[in-house]
1. Going by what's in this entry, would residue 283 be described as within 23 Å of residue 6 (Cβ to Cβ) and either exposed (fewer than 11 other Cβ atoms within 10 Å of the Cβ) or modelled with pLDDT of 95 or more (or both)?
2. Does the stretch 71-88 include one or more residues that are of a type outside the set (A, V, I, L, M, F, W, C), away from the ligand (no atom under 14 Å from the Cβ), assigned to a loop (DSSP other than H, G, I, E, B) and crowded, with 19+ Cβ neighbours inside 10 Å?
3. Within the set of pairs 6 or more residues apart or between chains, which connect a residue that is closer than 12 Å to residue 45 by Cβ and touching a residue at least 40 places away in the same chain (Cβ under 8 Å) inside the stretch 172-194 to a residue that is among the charged types (D, E, K, R) and more than 16 Å from the ligand (Cβ to nearest atom) with Cβ atoms less than 6 Å apart?
4. Identify all residues within the stretch 6-40 that are outside any loop (DSSP other than H, G, I, E, B) and either among the acidic types (Asp, Glu) or farther than 16 Å from residue 240 by Cβ (or both); write none if there are none.
5. For the stretch 3-26, enumerate the residues that are surrounded by 21 or more Cβ atoms within 10 Å (Cβ to Cβ) and within 12 Å of the ligand (Cβ to nearest atom).
6. Working carefully through the options 258, 225, find the one that is out of contact with any strand residue (DSSP E or B) (no Cβ under 8 Å at 6 or more places or on another chain) and part of a helix (DSSP H, G or I).
7. Please verify whether the stretch 176-190 includes one or more residues that are within 13 Å of the ligand (Cβ to nearest atom), within 21 Å of residue 80 (Cα to Cα), of a type in the set (A, V, I, L, M) and touching a strand residue (DSSP E or B) at 6+ places or on another chain (Cβ under 6 Å).
8. Can you confirm whether the stretch 50-66 contains a residue that is more than 18 Å from the chain's Cα centre (by Cα), surrounded by fewer than 18 Cβ atoms within 10 Å (Cβ to Cβ) and within 29 Å of residue 169 (Cβ to Cβ)?
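The values are calculated or read from the model by the stated rules, or taken from the named source; none is laboratory data. Since we're looking at a predicted model, the values are computed, not measured. Note that each Cβ is placed from the backbone with ideal geometry, even for glycine, and that neighbours are counted across all protein chains shown.
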Amino acid sequence: MILNASGCLDGLAAPEVARQLDAYVTKTVTPLPREGNAPVRIAETDTGMLNSIGLANPGISHFRETLPRFAELGIPIWVSVGGFCAEDYTDVCAQLDSEPVVDTIELNLSCPNVDAPKAGIAEIVAAAREATSKPLYAKLSPALPDIGAAAASAAAAGADGLSLVNTLRGMALDPETLEPRLSTAAGGLSGPPLRPVALAAVYAVYGATSLPLVGMGGVETGSHALDLIAAGASAVALGTVLFADPAAPTRIRAELAAEAAARGLESAFAARGRAHEPVAEIVVA
Ligand SMILES: Cc1cc2nc3c(=O)[nH]c(=O)nc-3n(C[C@H](O)[C@H](O)[C@H](O)COP(=O)(O)O)c2cc1C
């Protein structure tokens with residue numbers, strides 16, 4: 001299954017991109033509208049991209065009015081939910097619970113560009129679990145000191161799956177002025193530099209829980225996606241690559257199928273967890 005990463009694709013503005021996916025994940029929605037951080041909110045670095053959007057979104061009331069338009073995409077809709085305390089998550093999850101268009105809720109527990117929620121991961125997941133019977137995915141930060149333990153606590157609190165990973169905090173300076181290029185100084189680093197970080201996170205969490213895992217971070221090719229699957233991902237999400245290549249979902253799906261065929265696998269997902277098995281079971285044709 002190939003999804004987009006939250007915040008990296010406007011499915012209403014680019015439905016033809018969204019329809020290449022197996023499910024569409026919305027930008028994070030909070031109880032109240034948020035303008036987000038002041039510009040400049042995006043900066044390129046020599047290896048990846050920095051953003052400090054700050055969860056800009058129209059708020060849950062207005063978002064609900066747009067749900068019929070998301071339904072027109074004709075694919076399952078995952079809604080990313082954010083907040084600053086457990087009640088924020090409960091509030092939004094309870095409102096989404098009665099919306100048939102919403103297939104799955106992804107709890108964004110890991111935005112590096114706003115203050116971290118005051119409650120812990122398990123407390124927020126447990127509160128959201130009480131508010132909705134929809135499938136719940138917890139999206140974790142790669143900066144957690146023990147992401148396997150965090151994932152296990154999310155699972156124990158009622159998460160149905162995990163999304164790994166969000167961005168890592170980074171910074172870039174203007175070469176002339178030596179001032180930070182983002183208005184917030186630091187922001188979330190995404191793209192290629194996140195690839196080995198995401199791989200290590202998925203590998204650790206696969207060993208710590210038996211839940212389905214959406215792997216993401218710097219995926220640009222079918223080979224990158226296969227790596228995440230071998231580390232333990234049961235689905236892969238595309239983020240920063242979508243800004244440069246709107247055809248990426250179709251291309252990466254084809255590359256992934258070719259990678260699987262070259263290894264004599266029925267499907268790429270047959271390689272799930274291979275990185276955890278004893279060496280030399282896969283022979284490249
Ligand atoms: C511009 C931008 C906006 C993002 N907005 C969100 C968001 O609203 N909610 C969220 O959970 N993650 C957000 N992310 C993080 C991505 O969903 C993803 O976890 C991260 O970018 C790693 O994947 P990538 O390296 O393929 O981009 C955002 C990332 C970018 C680049």
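1. Details: within 23 Å of residue 6 (Cβ to Cβ): no; either exposed (fewer than 11 other Cβ atoms within 10 Å of the Cβ) or modelled with pLDDT of 95 or more (or both): yes.
Considered against the rule, which asks whether it is within 23 Å of residue 6 (Cβ to Cβ) and either exposed (fewer than 11 other Cβ atoms within 10 Å of the Cβ) or modelled with pLDDT of 95 or more (or both), residue 283 comes out as no.
2. For the stretch 71-88, residues of a type outside the set (A, V, I, L, M, F, W, C), away from the ligand (no atom under 14 Å from the Cβ), assigned to a loop (DSSP other than H, G, I, E, B) and crowded, with 19+ Cβ neighbours inside 10 Å: absent.
3. Once the first residue is closer than 12 Å to residue 45 by Cβ and touching a residue at least 40 places away in the same chain (Cβ under 8 Å) and sits in the stretch 172-194, its partners that are among the charged types (D, E, K, R) and more than 16 Å from the ligand (Cβ to nearest atom) give 181/174.
4. 15, 16, 18, 23, 24, 29, 34
5. Within the stretch 3-26, 3, 4, 5, 6, 7, 9, 25, 26 qualify.
6. The match here is 258.
7. yes
8. So far as the stretch 50-66 goes, yes, one or more of its residues are more than 18 Å from the chain's Cα centre (by Cα), surrounded by fewer than 18 Cβ atoms within 10 Å (Cβ to Cβ) and within 29 Å of residue 169 (Cβ to Cβ).
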